[in-house]
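J.: Before I ask anything, here is the structure I am working with.
Each reported figure results from applying straightforward, stated rules to the coordinates on display, with no laboratory input. Please read these numbers as outputs of a predicted model, since none were measured by experiment. Don't worry about glycine lacking a Cβ; one is built from the backbone with ideal geometry, like all the others, and counts go over all protein chains shown.
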Amino acid sequence: MDNKYFVIGKIVNTQGIKGDMRVVPTTDDIHRFELLEFVYIDKNGIINKYEVDNIRYHKQFVLLKIKGIDDMTAAEKFKNSEVKITEDMALPLEENEYYIGDLYSMNVITDEEEYLGTIEDIIFTGANDVYVVRNNENEILIPAIKQCILNVDIENKKMTVKLLEGLR
């Protein structure tokens, strides 16, 4: 059975000389790293499972220490790799929350049944996410706010939106 993986961070560098790795988190709750006994690291499309030795924080980074990676040279080999977890390791979602990966390639229609395109990218602004919706002719930026996003149907890969004035 193929596992569905979620990216929770990207290893961007090492930290110190004892094998710690700097991870830029891509998850809403960075403290979720503390709950992990192991992670999957995707290096050039090859995914391996690693046991977590320690988690610390420094500025905007999560410092990840993997068992058996005990020096900077060994840790450097993981640079530019993605830190992943399987779907069953993900934190439960609240109402009206979705996994980012489920939104990509989702069809977007208006409340009047007009097809706008598919979600090709998501911009993380801090205040709210912005969905980049593209079709053959144009691109529309739709803020991920309650006034715009009326319904998200993950199972059928369909999002219904209300376009506020000025979004076209």
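J.: Kindly provide the helix-only [θ] at 222 nm of the chain, computed as the sum of -39,500 (n - 2.57) over DSSP H runs of four or more divided by all residues, to the nearest 500 deg cm²/dmol?
T.: -1000 deg cm²/dmol
J.: Based on Cβ point charges of +1 for Lys and Arg and -1 for Asp and Glu, what charge dipole magnitude is obtained for the chain about its Cα centre, in debye rounded to the nearest 20?
T.: 900 debye
J.: What FRET efficiency would be calculated for the residue pair HIS58, ILE140, taking the C-beta separation as r and a Förster radius of 35 Å, to the nearest 0.05?
T.: My answer for the efficiency is 0.35.
J.: Gap in Å between the Cα centre of region 140-166 and the Cα centre of region 2-77?
T.: Here the two parts' Cα centres lie 33 Å apart.
J.: Show me, for region 99-111, the HN-Hα J-couplings you get by feeding each phi into the Karplus relation (A = 6.51, B = -1.76, C = 1.60, θ = phi - 60°), rounded to Hz, glycine and proline as x.
T.: Karplus values, whole Hz, x for Gly and Pro: 6, 3, x, 6, 8, 4, 6, 6, 6, 10, 10, 7, 5.
J.: Nearest 5 is fine: what % of DSSP beta bridges in the chain come out antiparallel, could you say?
T.: Once the DSSP bridges in the chain are tallied, antiparallel ones form about 90 percent.
J.: Which whole-Hz ³J(HN,Hα) couplings does region 41-51 yield from phi under the Karplus relation 6.51 cos²θ - 1.76 cosθ + 1.60, θ = phi - 60°, glycine and proline marked x?
T.: Computed from phi, the couplings for region 41-51 are 10, 9, 10, 6, x, 9, 9, 10, 8, 9, 7 Hz.
J.: What are the ³J(HN,Hα) values, in whole Hz, obtained from phi via the Karplus relation 6.51 cos²θ - 1.76 cosθ + 1.60 with θ = phi - 60°, for each residue of region 148-154 in sequence order, with x given for Gly and Pro?
T.: So the J values, rounded to whole Hz, are 9, 8, 8, 7, 10, 10, 4.
J.: Summing Lys, Arg as +1 and Asp, Glu as -1, what charge do residues with Cβ under 13 Å from the Cβ of LYS43 carry, LYS43 excluded?
T.: Overall, the nearby charge balance is +2.
J.: Taking amide H positions as placed in the peptide plane 1.01 Å from N, state which residues far from THR26 in sequence (5 or more) or on other chains have amide H under 5 Å from it.
T.: The answer is GLY9, LYS10.
J.: Say R0 is 25 Å: what FRET efficiency, to the nearest 0.05, do MET72 and ASN3 get from their beta-carbon distance?
T.: 0.25
J.: Starting from the amide H of ASP129, placed 1.01 Å from N in the peptide plane, find each other amide H under 5 Å away whose residue is 5 or more places distant or on another chain.
T.: Close amide H contacts, sequence-distant or interchain: ALA144.
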